[in-house]
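Below is one structure; the comments refer to it alone.
The values are calculated or read from the model by the stated rules, or taken from the named source; none is laboratory data. These figures come from a predicted structure and were not determined experimentally. Heads up, the Cβs are rebuilt from the backbone with ideal geometry, glycines too, and the neighbour counts pull from every protein chain shown.
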Amino acid sequence: MAEFRQYGWNTRGDDRPQDPDAFFGAKLRWEERSEPGHANSRFYRELLACGAITATLPTVRLDHVKVEFDEDQRWIIVRRARSR
């Protein structure tokens with residue numbers, strides 16, 4: 001939890017990274033991708049590709065990140081402060 005706190009993440013919740021239920025609950029359930037109400041796998045592939053591109057950015061502190069989106073227009077912008 002100390003590791004998460006150093007990035008400014010909320011650590012007061014019940015989720016504990018060492019808990020197997022938290023791990024398995026966070027995994028994608030690929031079998032759900034064809035069910036109504038679930039995003040398709042293309043979305044996840046594109047999201048993972050964004051992560052691969054931004055993995056080298058200098059900060060993951062949430063207080064240094066600003067996110068804007070429009071769900072109806074289907075766009076998202078993530079801005080990160082520059083680290084020094």
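Tabulated results
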{"read-out": "Region 29-52, subset part of a loop (DSSP other than H, G, I, E, B) and modelled with pLDDT under 70, residue farthest from the chain's Cα centre (by Cα)", "value": "37"}
{"read-out": "Region 68-81, residues that are under 16 Å from residue 46 (Cβ atoms) and outside any loop (DSSP other than H, G, I, E, B)", "value": "69, 75, 76, 77, 78"}
{"read-out": "Number of positions in region 17-36 that are in contact with a helix residue (DSSP H, G or I) (Cβ under 9 Å, 6 or more places away or on another chain), farther than 27 Å from residue 3 by Cα and surrounded by 11 or more Cβ atoms within 10 Å (Cβ to Cβ)", "value": "1"}
{"read-out": "Residues that are closer than 19 Å to residue 5 by Cβ, of a type in the set (S, T, N, Q) and either touching a strand residue (DSSP E or B) at 6+ places or on another chain (Cβ under 7 Å) or at pLDDT 85 or above (or both), drawn from region 53-84", "value": "59"}
